[in-house]
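No lab work stands behind these numbers, since they all come straight from the coordinates. It should be emphasised that the depicted structure is a prediction, and the values quoted were computed from it without experimental measurement. Here the Cβ is made from the backbone with ideal geometry for all residues, glycine too, and neighbour counts use every protein chain on show.
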Amino acid sequence: MEPYSITLSTEVTFHALSHPLRRTVLDLLRTGPMPAGQIARAFTVSRAAVSKHLRQLQRAQLVRVTRKGRHRFYQLDIKPLAEAGRWLESCRSSSDAPMELKTGEGSGDLVFL
């Protein structure tokens, strides 16, 4: 397998995924498109804070935005996640040391066995 280099778009994707609120937004959008107001009501932070996170997700192309009247609807776009997944898989398959992704406490920790 050829080495897979991380691109700027993949770096932006990982940055967007680095914040738990943004990951939660993506989880919400897995059920389908949602208006910004409904997304904001799911959190205890201000609407302005949620808007900032939505812009980060849009910049990373993890969400698409459509306007219907005065409302903005956000929809999950998995293409950047697939690219990031391919990069992770290339790391996993090219490593001499086996890796395992642990979940639960400290979830998401990459552990070399």
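Things to note:
- Surrounding net charge for residue 22, when Lys and Arg each add one and Asp and Glu each subtract one, Cβ distance under 14 Å: +3
- Neighbour cut-off at most 10 other Cβ (10 Å), DSSP loop, trypsin sites (Lys or Arg not before Pro), region 26-77: 30, 70
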